[in-house]
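The next block holds one structure in the form of structure tokens; read it before the comments.
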Amino acid sequence: MSDSNTNISRRKAMGAIAGIAACVPCAAAFSVTKNQSSVKQSENFHQRIGELVEKASADIVRSVNFSITPNDLPWSQQLGKIEAGQSVTFLLSGRWWILKEHNYWVDPGVAFYARISGGTLYNAANNTGTMLADRDGTLEIARTVGQFKNAKGELFPSEEQYKAAEGLIEGIAIIWQADALDGLSQLSAAGDVDGLILAELNRINYQKLLPAGWHYMYMFGDSGIFSEGSNGELQCNTHKNVGILQYAINAPLTADLKLDWQWLVDKLPSQVAEDQILTHDYLSIAVEFDDGKDITYMWSAELPEGSVFQCPLPRWAEHETHIVQRSGKKFMGKKVKESRNIYNDYQEHIGGSANNITRIWLIANTVFMRGTGRCSYSDILLTQNGQKTKII
């Protein structure tokens, strides 16, 4: 590859992820490149969905077809009015590219967001999802791959950088008169399109529960990849998606503040070092501080234990520090106890102005290489002044 082509690939990767011109080491881009495959858009998606809706006896207020292209700015598309208490189901098709020439992409459900008149962001992180309207208002849609700077859905890249992307999301929004599950069952009785109706029925019927106090971060939505296990542990099962689970807490950043946890990792999302953009698929537990910084303790495929690096992703690089807690396969499949002095780690690797920790995070990412990660967390404790605070 020529230097000019390499630079174009680097800029495209960064632009697609964050809308910021920077560099991705070329070796990373090629070390995990999968076999090239032609991408086949679901043919006549809107037509087939529309025909199914027409022939079904489902109790529908209305259905609206939509398409999202790179030129569509967030929330510029409105799908009409919706009333508080009504449910809307989204069925999606397409693909959003991170780096097309090297076959890096995300499913449309990862990139698709919705809200009602500037309200709470909704993202199912799957190609189907059902949102309950919490207010009267206008249904608005958007796309992003981690490009919102806050829970209001505002962009952090410029409009020009945001539009420098490739992809197409086709979808339908079905607003139900009554219960969404009943409506989907009626649709299913009439047929299906690409298995989406059955997928959403299964998603609703088997929604995974979270322990009290845990919620998904706004930036990536409710991916359903975390759930509470039978023994109270938090289980994680991720495949070509991303999720950050958060637990709010307020603890002073004192010299004796410790984080203890146990984890059991069955499968790592990456087989190579995770410190480059296009290989940054990993499992970790993190601590967020009141200065907006965070430290995340990860289990790496091959980076040496004790390695420290800033997150390679734009925007995250200025906030997130990675520490390799475990590496390799030696202890995989076994429950491993861990302990970190949070104060010491913060002073050594950040050295900022934080006075408190504000959240515990669990992070799982398999977006870039579309692999699989499986693990569980238990006995997460904060210890301070001889007192232990149990998180799970």
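The values are calculated or read from the model by the stated rules, or taken from the named source; none is laboratory data. Please read these numbers as outputs of a predicted model, since none were measured by experiment. Neighbour counts run over all protein chains shown; Cβ positions are idealised from the backbone, glycine included.
Condition check ((1) in a strand (DSSP E or B); (2) surrounded by 18 or more Cβ atoms within 10 Å (Cβ to Cβ); (3) among the hydroxyl-bearing types (Ser, Thr, Tyr); (4) without any contact (Cβ under 8 Å) to a residue 60 or more places away in the chain) across all residues:
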{"position": "Ala317", "(1), (2), (3), (4)": "no, no, no, yes"}
{"position": "Thr321", "(1), (2), (3), (4)": "yes, yes, yes, yes"}
{"position": "Val324", "(1), (2), (3), (4)": "yes, yes, no, yes"}
{"position": "Gly351", "(1), (2), (3), (4)": "no, no, no, yes"}
{"position": "Ile363", "(1), (2), (3), (4)": "yes, yes, no, no"}
{"position": "Phe368", "(1), (2), (3), (4)": "no, yes, no, no"}
{"position": "Gly373", "(1), (2), (3), (4)": "yes, yes, no, no"}
{"position": "Tyr377", "(1), (2), (3), (4)": "yes, yes, yes, no"}
{"position": "Leu381", "(1), (2), (3), (4)": "yes, no, no, no"}
Of the residues that make up region 328-346, is at least one of a type outside the set (Lys, Arg), surrounded by fewer than 18 Cβ atoms within 10 Å (Cβ to Cβ) and in contact with a helix residue (DSSP H, G or I) (Cβ under 9 Å, 6 or more places away or on another chain)? no
Looking at region 171-284, what strands (runs of 3 or more DSSP E) fall wholly within it and have at least 2 residues that are in contact with a Phe, Trp or Tyr (Cβ under 6 Å, 6 or more places away or on another chain) and in contact (Cβ under 8 Å) with a residue 60 or more places away in the chain? 234-239, 242-252, 258-267
Testing Ile68 on (1) of a type outside the set (Ser, Thr, Tyr); (2) over 18 Å from the mean Cα position of the chain (by Cα); (3) within 24 Å of Glu318 (Cα to Cα), one condition comes back false. Which one is that? (3)
Output yes when any residue across region 99-106 is polar (S, T, N, Q) and at pLDDT 95 or above, and no when none is. no
Suppose the filter is exposed (fewer than 14 other Cβ atoms within 10 Å of the Cβ) and closer than 20 Å to Asn123 by Cβ; does Tyr206 pass it? yes
For Tyr343, which of the numbered conditions (1) touching a residue at least 24 places away in the same chain (Cβ under 8 Å); (2) at negative phi; (3) within 26 Å of the chain's Cα centre (by Cα) fails to hold? (3)
Does Trp75 satisfy the condition of being part of a strand (DSSP E or B), aromatic (Phe, Trp, Tyr) and more than 20 Å from Asn44 (Cβ to Cβ)? no
